[in-house]
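Novice: One structure is given below, represented as structure tokens, and several questions about it will come after.
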Amino acid sequence: MEKFSLSVPPEFEGKIDETFLKKAHEYIKDKTRFSFVSSIFGNIITIFFIFGGLLDIYNSWIFSFKWPFILKGLLFFLLLSYVSTFISLPFNLYSAFKIENKYGFNTMTPKLWVTDFIKTIILSTVLITVIVSIALWIIQSSPNYWWIWIWGFFFIFSLFMMYISPYVIEPLFNKFTPVDEKGLEDKIKELMQKVNIRVSRVFKMDASKRSRHTNAYFSGIGRVKRIILYDTLLEKMDYDEILAVLAHEAGHWKKKHILKTIMAVEIVSLIGTYISFRIIQSNLLTDIFYISHETFFAKVIILAFIGSIMSFPFIPLSNYIARRFEKEADSFACKLTGNKYAMTGALIKLSKDNLSNLHPHPLYAAIYYSHPPVIQRIRAIKTLQG
């Protein structure tokens, strides 16, 4: 649980008051409590499913079908996906229409939520069908070397999704229009040209029809980028602050943070895939967990459960690296724009707009924060030369 203070930091004096801090305190308390309850519930369901005999019953039922390997696997994972989605349904509704609504963030109508939910189900069904079918075909075709082919397939597929998502998937949920703020696109392209990033288009996304949270991001592979600005961001920040936010994103690209992250993830994935291959070759998992019928599908579920536990200790390390990347990107943005005050102004507005915790407990932040606490970021930026 995060600690909280109602003292206004010097960096925020004149920008916020104790009323804001109290509201932020309640928001963070509600979110933390909700996250804790939903996490405990999900873990209980998972443990009961695996250790309570449900996995064995479900696996035996799938095993009873006289279907080809790929069809049985597809049914196995699709049904689990649907069950997981519907179990989490009440929590998603509570988060959107209770917590986010209580603090003025949610702007989504019930009709839009239902529409999004239906689209998500259809999209996930298509993606799971494609991924599982190809993966199981690879496993069936190359029983001794599938681990390397599976790793390569998921790597290529993830790059493919990074490329097509902005053009195919994102427009299913949001409307993207060229920014109509006078001169902003020219300023953005001019700034990006300084670091050899070519901007194809700058779009405004209608994020306000779902939430009042603010954000901006790059999309695209290679040096050519599409820049997406939330309409909520455009409403609340001036041009210099918007440029500072985008310069920060450019910093991640130029400092190769994204490439380093992808490389680290893929190395770990390759090792994990090989270890999984070796374990799946034996009957160790089905024997330990008392699975009546030895199937590849049940072993994958058990391995995923074990992997989630084994990966938990690495969370502080990955977040530490992410915080280092954020500091480098902040410094890069200030040097690129030559305006560190715009960066601090943007951080202050982002913190206010998202009711951020200005006084997180150092230990909690060290373990769970992927970004340095905003006060630390502002103070580090103020120490920069120029």
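Novice: Cβ-Cβ under 8 Å, sequence separation 6+ or interchain: first residue in the range 63-74 and surrounded by 13 or more Cβ atoms within 10 Å (Cβ to Cβ), partner of a type outside the set (A, V, I, L, M, F, W, C) and modelled with pLDDT of 95 or more. Which pairs?
Specialist: Listed pairs, sorted by first residue: 63/72; 69/140; 70/133; 70/140; 74/129; 74/133.
Novice: Please indicate, with yes or no, whether at least one residue in the range 128-141 is of a type in the set (S, T, N, Q), at pLDDT 95 or above, part of a helix (DSSP H, G or I) and surrounded by fewer than 12 Cβ atoms within 10 Å (Cβ to Cβ). Walk me through how you get there before you give the answer.
Specialist: Let us first name the residues in the range 128-141 that are of a type in the set (S, T, N, Q), namely 129, 133, 140-141.
The next check asks that each one be at pLDDT 95 or above; those that pass are 129, 133, 140-141.
If we keep only those that are part of a helix (DSSP H, G or I) as well, we get 129, 133, 140-141.
Imposing the further condition that a residue be surrounded by fewer than 12 Cβ atoms within 10 Å (Cβ to Cβ) reduces the set to 141.
Checked against the condition, which is being of a type in the set (S, T, N, Q), at pLDDT 95 or above, part of a helix (DSSP H, G or I) and surrounded by fewer than 12 Cβ atoms within 10 Å (Cβ to Cβ), the range 128-141 yields at least one hit.
Novice: Test residue 267 against the stated conditions and say whether it is of a type in the set (A, V, I, L, M, F, W, C) and either surrounded by 15 or more Cβ atoms within 10 Å (Cβ to Cβ) or within 19 Å of the chain's Cα centre (by Cα) (or both). Lay out the reasoning, then the answer.
Specialist: Working: of a type in the set (A, V, I, L, M, F, W, C): yes; either surrounded by 15 or more Cβ atoms within 10 Å (Cβ to Cβ) or within 19 Å of the chain's Cα centre (by Cα) (or both): no.
Judged against the criteria, residue 267 is not a match.
Novice: Still on this structure: Could you please find all residues in the range 10-60 being of a type in the set (A, V, I, L, M), exposed (fewer than 14 other Cβ atoms within 10 Å of the Cβ) and closer than 30 Å to residue 294 by Cα? Reasoning before the result, please.
Specialist: Filtering the range 10-60 down to residues of a type in the set (A, V, I, L, M) leaves 16, 21, 24, 28, 37, 40, 44-45, 47, 50, 54-55, 57.
Remaining after also requiring exposed (fewer than 14 other Cβ atoms within 10 Å of the Cβ): 37, 40, 44, 47, 54, 57.
Listed by number, the residues that qualify are 40, 44, 47, 54, 57.
Novice: Then there's this: Is there a residue in the range 341-360 that is closer than 20 Å to residue 254 by Cβ and not in a helix (DSSP H, G or I)?
Specialist: Looking through the range 341-360, none of the residues is closer than 20 Å to residue 254 by Cβ and not in a helix (DSSP H, G or I).
Every residue, every condition in (1) on the phi > 0 side of the Ramachandran plot; (2) modelled with pLDDT of 95 or more, yes or no:
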| site | (1), (2) |
| --- | --- |
| 7 | no, no |
| 21 | no, no |
| 28 | no, no |
| 42 | no, no |
| 50 | no, no |
| 71 | no, yes |
| 78 | no, yes |
| 104 | yes, no |
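Novice: Kindly indicate the residue of the range 152-184 that is modelled with pLDDT of 90 or more and among the charged types (D, E, K, R) and also surrounded by the most Cβ atoms within 10 Å (Cβ to Cβ) among those meeting that condition.
Specialist: So, considering only residues that are modelled with pLDDT of 90 or more and among the charged types (D, E, K, R), the one surrounded by the most Cβ atoms within 10 Å (Cβ to Cβ) is 170.
Novice: Under 7 Å between Cβ atoms, which residue pairs at least 6 apart in sequence (or on different chains) link something in the range 34-52 that is over 17 Å from residue 92 (Cβ atoms) with a partner that is aliphatic (A, V, I, L, M) and surrounded by 12 or more Cβ atoms within 10 Å (Cβ to Cβ)?
Specialist: Short answer, once both residue conditions are applied: 48/54; 49/55; 50/302.
Novice: Which of (1) out of contact with any Phe, Trp or Tyr (no Cβ under 6 Å at 6 or more places or on another chain); (2) within 21 Å of residue 56 (Cα to Cα) does residue 293 not meet, given it meets every other one?
Specialist: Evaluating residue 293 over (1) out of contact with any Phe, Trp or Tyr (no Cβ under 6 Å at 6 or more places or on another chain); (2) within 21 Å of residue 56 (Cα to Cα) leaves (1) as the failure.
Novice: Sticking with this one: Step by step: first the residues of the range 142-161, then only those that are part of a helix (DSSP H, G or I) and small (Gly, Ala, Ser), then the one that is farthest from residue 120 (Cα to Cα). Which residue is that?
Specialist: So the first thing to find is which residues in the range 142-161 are part of a helix (DSSP H, G or I), and the list is 146-161.
Filter once more, keeping what is small (Gly, Ala, Ser): 152, 158.
Numbers: 152: 26, 158: 18 Å.
Out of the qualifying residues, it is 152.
Novice: Please verify whether residue 148 is of a type outside the set (S, T, N, Q) and surrounded by 14 or more Cβ atoms within 10 Å (Cβ to Cβ), treating the condition exactly as stated. It would help to see each step written out before you state the result.
Specialist: Numbers: of a type outside the set (S, T, N, Q): yes; surrounded by 14 or more Cβ atoms within 10 Å (Cβ to Cβ): yes.
Taking the combined requirement at face value, the residue satisfies it.
Novice: Name, by its number, the condition in (1) touching a strand residue (DSSP E or B) at 6+ places or on another chain (Cβ under 8 Å); (2) part of a helix (DSSP H, G or I) that does not hold for residue 108.
Specialist: (2)
Novice: Then there's this: Would you confirm whether any residue within the range 303-313 is under 25 Å from residue 215 (Cα atoms) and at pLDDT 90 or above? Steps first, please.
Specialist: Within the range 303-313, the first condition is being under 25 Å from residue 215 (Cα atoms), and the residues that meet it are none.
Within the range 303-313 (the criterion being under 25 Å from residue 215 (Cα atoms) and at pLDDT 90 or above), the answer is no, since none of the residues qualifies.
Novice: Take residue 289 and decide whether it is over 30 Å from residue 212 (Cβ atoms), in contact with a helix residue (DSSP H, G or I) (Cβ under 7 Å, 6 or more places away or on another chain) and hydrophobic (A, V, I, L, M, F, W, C).
Specialist: Yes, satisfied.
Novice: Okay, next question. Any chance the range 316-337 includes a residue that's under 30 Å from residue 9 (Cα atoms), in contact with a strand residue (DSSP E or B) (Cβ under 9 Å, 6 or more places away or on another chain) and assigned to a helix (DSSP H, G or I)?
Specialist: Kept after step one, since they are under 30 Å from residue 9 (Cα atoms), are these residues of the range 316-337: 316-337.
Filter once more, so that each one left must be in contact with a strand residue (DSSP E or B) (Cβ under 9 Å, 6 or more places away or on another chain): none.
Checked against the condition, which is being under 30 Å from residue 9 (Cα atoms), in contact with a strand residue (DSSP E or B) (Cβ under 9 Å, 6 or more places away or on another chain) and assigned to a helix (DSSP H, G or I), the range 316-337 yields no hits at all.
The values are calculated or read from the model by the stated rules, or taken from the named source; none is laboratory data. Since the model is a prediction, treat every value here as computed from it, not as a measurement. Heads up, the Cβs are rebuilt from the backbone with ideal geometry, glycines too, and the neighbour counts pull from every protein chain shown.
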